[in-house]
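Reading through the structure tokens given below for one structure.
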Amino acid sequence: MNIKEKQPILLILSGPSGVGKDAVLSRMRELKEPYHYTVTSTTRSKRDGETEGKDYIFISQNEFKKQIELGGFLEWAEVYGNYYGVPRDQVKSALKTGSDVIIKIDVQGAQTIKKLAPMALYIFLAPPDTDQLEKRLTERMTESPESLTLRLKTAAEEMKSANWFDHIVINHENQLDSAVSEIQNIVKDARAKQNSQWYIDSF
């Protein structure tokens, strides 16, 4: 195997809240896709059905702020009153071992990482329309009316940023496997065109 074939793929998956990013990643895990799935640290409360260390790393605001001071996050942001951060060492160590890495992150965070890793693969997961997005957020039943309004407003702004991503994948209702398959094909194509530049040391 030559050096080019050993290059790990850093995949940045982004999109508005409620579009189905977690569902896509869960399906990819079920299919045994060989990625390191980055686990984001957050200060928000754990929702029903979520697992510590798998869905998120749940920490206090004090601990989160300590990690910020120590440079422990590749990127972090305050979103809807809670903090979210991508652990730097988790990403860097996985890439150094040659593992492909997926980072699930909001649009703002994706833009920050773009400055550090322009050679990464940026995919925007989009809803077929705003009505579908509102339906998904409403059915999730985790938002107050005020929070739902804010998330929909934010989603509309994030959709305007979709064009700077390398690819846009539409996640149609009840067609999760189709979205996953499209992402798989995008990664396969990216690997075939991959050059020899590394971005690991940028972190």
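In this structure the amide hydrogen of Val79, modeled in the peptide plane, comes within under 5 Å of the amide hydrogens of Tyr84, none closer than 5 places in sequence on its chain. Take Lys46, project a point 7 Å from its Cα along the Cβ direction, then tell me which residues of the range 62-84 have their backbone nitrogen under 19 Å from it. Residues 62-64, 82-84 fall inside that zone. Here's the list of aspartates and glutamates a cross-link from Lys160 could span, going by alpha-carbon distance under 15 Å and ignoring same-chain residues fewer than 8 apart: Asp106, Asp129.
Taking amide H as placed 1.01 Å from N in the peptide plane, Tyr122 has its amide H under 5 Å from the amide H of Ile12, Asp166, His167, each at least 5 places away in sequence or on another chain.
By the helix-only formula, in which each DSSP H run with n ≥ 4 contributes -39500 (n - 2.57) and the sum is divided by residues, the chain has a 222 nm mean residue ellipticity of -12500 deg cm²/dmol.
For the chain, the dipole from Cβ point charges (+1 on Lys and Arg, -1 on Asp and Glu) about the Cα centre works out to 640 debye, to the nearest 20. The distance between label points at Tyr37 and Ala162 comes to 2.4 nm (points 7 Å beyond Cα on the Cα→Cβ vector). Selection among Leu137, Thr38, Ser93 by position relative to the dipole of the chain gives Ser93 as farthest towards the positive end (Cβ unit charges, Cα centre). Charge dipole (Cα centre; +1 on Lys/Arg Cβ, -1 on Asp/Glu Cβ; no other charges) of the range 12-75 amounts to roughly 60 debye. Take the cross-link list Lys92/Lys193; Lys54/Lys135; Lys32/Lys115; Lys54/Lys193 and give me the ones stretching past 24 Å between alpha-carbons. Over 24 Å Cα-Cα: Lys54/Lys135; Lys32/Lys115; Lys54/Lys193. Taking amide H as placed 1.01 Å from N in the peptide plane, the amide H of Lys104 sits under 5 Å from that of Leu13, Thr38, each at least 5 places away or on another chain.
Among Phe58, Phe124, the ranking by other beta carbons within 10 Å of each residue's beta carbon, starting with the fewest, stands as Phe58, Phe124.
All of the numbers you see were taken from the coordinates with simple rules; none came from a lab. Keep in mind that this is a model prediction, so the values were computed, not measured. Cβ: placed from backbone, ideal geometry, glycine included. Neighbour counts: every protein chain shown.
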